[in-house]
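These notes concern the structure reproduced below.
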Protein chains: 2
Amino acid sequence: MIKTADHLYLQVADKIEQMIEKDVMKMGEKLPSVRMLSKQQGISLTTAFQAYYHLEGKGLIESRPKSGYYICRNIRRMAPMPGTCAPVRKPVSDVTVSDMVMEVFSHITNDNILKFSVATLPVSVLPAAKMAKAVIHTMRDQGPGGIGYEPLQGNELLRNQIARLSLGWGEVYTADDVVTTHGCMDALTLCLTATTQPGDTIALESPSYYGALQLAEGLGLKVLEVPTNPITGVDLDYLDKAIPRHKIKACLFVTNFNNPLGCCMPDKHKQELVKIVEKYDIALIEDDIYGDLYFGKQRPLTCKTFDTQGNVLLCNSLSKSVAPGYRVGWTMPGKYKEKVLRLKHHHAISCTSLTHAAAGHFLEIGRYDFHLRNLRKMLHTQSLRYAQAICEYFPESARVTRPQGGCVLWVELEDHINTFELFQQTLKHKIAFCPGRLFSLQNRYNNCLRISYGNPWSKQVDDGLKTIGKLIHKMQ
Amino acid sequence: MIKTADHLYLQVADKIEQMIEKDVMKMGEKLPSVRMLSKQQGISLTTAFQAYYHLEGKGLIESRPKSGYYICRNIRRMAPMPGTCAPVRKPVSDVTVSDMVMEVFSHITNDNILKFSVATLPVSVLPAAKMAKAVIHTMRDQGPGGIGYEPLQGNELLRNQIARLSLGWGEVYTADDVVTTHGCMDALTLCLTATTQPGDTIALESPSYYGALQLAEGLGLKVLEVPTNPITGVDLDYLDKAIPRHKIKACLFVTNFNNPLGCCMPDKHKQELVKIVEKYDIALIEDDIYGDLYFGKQRPLTCKTFDTQGNVLLCNSLSKSVAPGYRVGWTMPGKYKEKVLRLKHHHAISCTSLTHAAAGHFLEIGRYDFHLRNLRKMLHTQSLRYAQAICEYFPESARVTRPQGGCVLWVELEDHINTFELFQQTLKHKIAFCPGRLFSLQNRYNNCLRISYGNPWSKQVDDGLKTIGKLIHKMQ
């Protein structure tokens, strides 16, 4: 239900959207004129315009010159969702996809390539000017300007601001619960190292972020890939049995808008998951890096919210939404804090004082919420646009996820299509995406691909997806 | 020999210094007046003043009000040097000094404590304003101002500038040979991880930088501590036999102005060391972090200079001399480059783009050489001042190193004195140093301590050393 606090135009737009979804209004149908809508709904002309503008932004309707607005797409008619993958026989550690990852990402800084491969936002939508101001403030007003080391646990202001982000959660967290890191990968590295020994087994989602797989491999860990549903996340019944059977020492899950499936674990499942890790007293490393990029009304909770024993190590960063190059990440490592601090001392001594102090200042005064609100709207629109283009250009048999947050789509093609071969072909057209094979240590997901919709919609993006579609059709 | 290119005042000062050293001029003796010196040497009054001022800075002479200059100290009369430690029976991995390290460094950001414990320079002597300018330049002139990721191998300008630092070496290195890291510890972490497996044995100097010991422990490595001479460094004959006997996979040595002994391996030894690691085809991780802080006429070479097979992984950073908080480090990993790049990709994705770009700009235009020259002079003077104060205040039986670079002194007390107990006592007086026990995984060096002379000489420093001396006397 729409809350009355919402803008009037959103209420109207939402009504129309529901009618489209329920086929009350059909694809291709002309909508009432703006004047008519204003009269019907008893709203101003401006509000009526705003409502159509919003729906156009979402890609549901289009304006045709000298004619008016038409319904152009229906979300319900989108391609079906992929299913949950089958469980694996046993954890593995020997198969490596490292070469493939390096090949896919060797082009990462080549500006001539259209990159559907990176799950980050383009710098053009990041608050570069605000961050620059924060840096200048730090250099001018904070003693020797971030040139010296900071305390081992991290910049005090930044930690305090991070603690404040947990305001809506169940527990109250303070700066003392936070340890800063050089981005989220660094946090995951410290947390995994703190909670496991080489040779141990950990549980990951399947498909799973290739970065986590690579990291586990580098740390000499075995990985059990847990079946994961594209809507509800990890199969908890399976996990509950697997932990004792495979002597799992830690779980590393992206609970909100998981990469690559985009699934968001329902809060009830989160609570249940925490109970499971508490029962076996193992660590749950919760990668919440996409949590702030939700499309719904409210931010989803975290497992950390339900953590009473300190088994959850929450990891996050500002790399997705604010400044990837500033390397501002953190963990709230629960009862593993001392171990994490020690490892941070051994590996890094200190984070980058300047950018971390600047990030603290930005969070304090930079209207982070306001920035996020715009980013979310933009990403939501883009997710729909991209998904619809994929439905249009890819074969009908393609299955596509419908993420409610984050910045990636997961596409499943027919079994015989090898997306790594597809990748090598699209690269010749200067287009890159992530082949599905990267997302497992088992030999699976060869027929899948991950498409990031971080780049704003443009003709180039449209052409790029069209080209991928054509190449897939040729492989059918 | 003094080169004629040197300033006149330095030539005169050097002559006087030699006379003091050879006891031609004796401690307590009055020196010729400035006017007399000017006449004798045929130099201006200003030059004569400068010569005395220089000697005063070195702590060799002192001016007494209304009386003139007096010889106050003689370097030759300093305490004897510590000897080389005895070899150990076998490599160990189980003893941990981690708790002790955490206790010593828990006070690291407490400004009320006089810290002889940290081997870094105070921010007051670092080029904070120049670095701030470089940051502003980067934010203004470089596209989106360092907010995005940089290429995996690191900022191109920075890598190019780093390659230029090797100008004086035998081989020619380019930006392509350099991988940037978040400081030197991060470089050591990547290089050790790239060249070893958990359970392997590595060789370190003894005494050895506690950071390296902690890191090795964290990576599940066994450590063989190699006897090290306070002047010439690692015992190469011992090492040559130890590598096959203990199946050593990598050596991690601080070849120039080692921490804590301050020894600088002669260039001939470096060449020999490279031959040894080539013979067994193992990795030599060369930590050159103090190499630029030499007191002599020329920068010592590195083992990398003699590396023809790519077995040497050189590690360094700007943390000692420019900006610790900017986390600018690097490695030239030789034939291990691909492995190091992969690990960097898994652990961090990217370094801090902003500070790394700024560091590149600073090296390009910031008169780094000029800055270093002043820093070296300052450190040389401080090393003498600190050493002399230690001779004066500590018991006569104390042995003190005479480093020719870097920023730490190593002091050996009588066997029965436990410096960790001493540390706990000095801490009550708000004075911290590094107990010797931190520098070994064996139970040794309990009677030693490391004193950093990074802080400029002051009454507070003088009083601090006096207090430590008093407390040692009480323990005799």
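The values are calculated or read from the model by the stated rules, or taken from the named source; none is laboratory data. Predicted model only: the values in this text are computed from it and were never measured. For neighbour counting, all protein chains shown are included, and Cβ atoms are generated from backbone atoms with ideal geometry for every residue, glycine included.
Selection of the stretch A:404-446 for residues being aromatic (Phe, Trp, Tyr), assigned to a loop (DSSP other than H, G, I, E, B) and over 17 Å from the mean Cα position of the chain (by Cα) yields only A:Tyr445. Given the condition away from chain A (no Cβ under 12 Å), modelled with pLDDT under 75 and within 23 Å of B:Gln388 (Cα to Cα), answer yes or no: does some residue in the stretch B:81-101 qualify? For the stretch B:81-101, residues away from chain A (no Cβ under 12 Å), modelled with pLDDT under 75 and within 23 Å of B:Gln388 (Cα to Cα): present.
Filtering the stretch A:222-238 down to residues that are among the hydrophobic types (A, V, I, L, M, F, W, C) and crowded, with 22+ Cβ neighbours inside 10 Å, which residue is nearest to A:Glu272 (Cα to Cα)? First the steps, then the outcome.
Just the residues of the stretch A:222-238 that are among the hydrophobic types (A, V, I, L, M, F, W, C), to begin with: A:223-224, A:226, A:231, A:234, A:236.
From what's left, crowded, with 22+ Cβ neighbours inside 10 Å: A:223-224, A:226, A:234.
Details: A:Val223: 22, A:Leu224: 20, A:Val226: 16, A:Val234: 11 Å.
Result: A:Val234.
Has the stretch A:202-210 got at least one residue that is within 12 Å of chain B (Cβ to nearest Cβ), buried (at least 18 other Cβ atoms within 10 Å of the Cβ) and either under 22 Å from the mean Cα position of the chain (by Cα) or more than 24 Å from A:Ile276 (Cβ to Cβ) (or both)? Scanning the stretch A:202-210, I find at least one residue that is within 12 Å of chain B (Cβ to nearest Cβ), buried (at least 18 other Cβ atoms within 10 Å of the Cβ) and either under 22 Å from the mean Cα position of the chain (by Cα) or more than 24 Å from A:Ile276 (Cβ to Cβ) (or both), so the answer is yes.
Close contacts from the stretch A:421-450, counting a first residue that is charged (D, E, K, R) and a second that is buried (at least 24 other Cβ atoms within 10 Å of the Cβ), with Cβ to Cβ under 6 Å and a gap of 6+ residues or different chains, come to A:Arg450/A:Pro260; A:Arg450/A:Val408; A:Arg450/A:Trp410; A:Arg450/A:Cys434. Is at least one residue of the stretch A:368-385 free of Cβ contacts under 8 Å to residues at least 24 places away in the same chain, among the acidic types (Asp, Glu) and closer than 29 Å to A:Met139 by Cα? Scanning the stretch A:368-385 turns up at least one residue that is free of Cβ contacts under 8 Å to residues at least 24 places away in the same chain, among the acidic types (Asp, Glu) and closer than 29 Å to A:Met139 by Cα. Within the stretch B:266-287, being surrounded by fewer than 23 Cβ atoms within 10 Å (Cβ to Cβ) and closer than 30 Å to B:Thr381 by Cβ holds for B:Pro266, B:Asp267, B:Lys268, B:His269.
None of A:Ser383, A:Ser353 is out of contact with any His (no Cβ under 9 Å at 6 or more places or on another chain), farther than 27 Å from B:Ala358 by Cβ and either within 14 Å of chain B (Cβ to nearest Cβ) or not charged (D, E, K, R) (or both) except A:Ser383.
Of all residues in the stretch A:34-67, those satisfying the criterion of being among the small types (Gly, Ala, Ser), modelled with pLDDT of 85 or more and surrounded by 14 or more Cβ atoms within 10 Å (Cβ to Cβ) are A:Ser38, A:Ala48, A:Ala51.
In the stretch A:356-380, the residue that is surrounded by the fewest Cβ atoms within 10 Å (Cβ to Cβ) out of those that are basic (Lys, Arg) and part of a helix (DSSP H, G or I) is A:Arg373.
Which one of B:Ser383, B:Ser353 is crowded, with 23+ Cβ neighbours inside 10 Å and more than 24 Å from the chain's Cα centre (by Cα)?
Numbers: B:Ser383 fails: more than 24 Å from the chain's Cα centre (by Cα).
The conditions single out B:Ser353.
In contact with a Pro (Cβ under 9 Å, 6 or more places away or on another chain), outside the structural domain of A:Ile289 (by TED's automatic domain parsing), assigned to a helix (DSSP H, G or I) and in contact (Cβ under 8 Å) with a residue 60 or more places away in the chain: is that true of A:Gln388 in this structure?
Values: in contact with a Pro (Cβ under 9 Å, 6 or more places away or on another chain): no; outside the structural domain of A:Ile289 (by TED's automatic domain parsing): yes; assigned to a helix (DSSP H, G or I): yes; in contact (Cβ under 8 Å) with a residue 60 or more places away in the chain: yes.
So A:Gln388 does not fit the description; no.
Only one of the numbered conditions (1) under 15 Å from the mean Cα position of the chain (by Cα); (2) among the polar types (S, T, N, Q); (3) outside the structural domain of B:Ala163 (by TED's automatic domain parsing) is violated by B:Asn374, and that is (1).
For the stretch A:314-339, enumerate the residues that are among the β-branched types (Val, Ile, Thr) and within 12 Å of chain B (Cβ to nearest Cβ).
Residues of the stretch A:314-339 that are among the β-branched types (Val, Ile, Thr), as a first pass: A:322, A:328, A:331.
Matches in the stretch A:314-339: A:Val322, A:Val328.
Restricting the search to the stretch B:298-338, which residues are surrounded by fewer than 24 Cβ atoms within 10 Å (Cβ to Cβ), touching a helix residue (DSSP H, G or I) at 6+ places or on another chain (Cβ under 6 Å) and at positive phi? B:Gly310, the sole residue that qualifies. With respect to (1) among the small types (Gly, Ala, Ser); (2) at the interface with another protein chain (Cβ under 9 Å from one of its Cβ atoms); (3) touching a strand residue (DSSP E or B) at 6+ places or on another chain (Cβ under 8 Å), the lone exception for B:Ser117 is condition (2).
Within the stretch A:72-80, is even one residue surrounded by 13 or more Cβ atoms within 10 Å (Cβ to Cβ), β-branched (Val, Ile, Thr) and either modelled with pLDDT of 80 or more or outside any helix (DSSP H, G or I) (or both)? Outline the logic, then answer.
We begin by selecting, within the stretch A:72-80, every residue surrounded by 13 or more Cβ atoms within 10 Å (Cβ to Cβ); these are A:72-75, A:78-79.
Next, only the ones that are β-branched (Val, Ile, Thr) stay: A:75.
Those still in the list that are either modelled with pLDDT of 80 or more or outside any helix (DSSP H, G or I) (or both) too: none.
Within the stretch A:72-80, not a single residue is surrounded by 13 or more Cβ atoms within 10 Å (Cβ to Cβ), β-branched (Val, Ile, Thr) and either modelled with pLDDT of 80 or more or outside any helix (DSSP H, G or I) (or both).
Among the residues in the stretch B:162-182, are any of a type in the set (Val, Ile, Thr) and under 17 Å from B:Leu284 (Cα atoms)? Steps first, please.
At the first step, the residues of the stretch B:162-182 found to be of a type in the set (Val, Ile, Thr) are B:162, B:172, B:174, B:178-181.
From the residues that got through so far, the ones that are under 17 Å from B:Leu284 (Cα atoms) too are B:178-179.
For the stretch B:162-182, residues of a type in the set (Val, Ile, Thr) and under 17 Å from B:Leu284 (Cα atoms): present.
Across the stretch A:123-169, the qualifying residues are those that are among the hydroxyl-bearing types (Ser, Thr, Tyr) and more than 24 Å from A:Asn374 (Cα to Cα), and the one among them that is nearest to the other protein chains (Cβ to nearest Cβ) is A:Tyr149.
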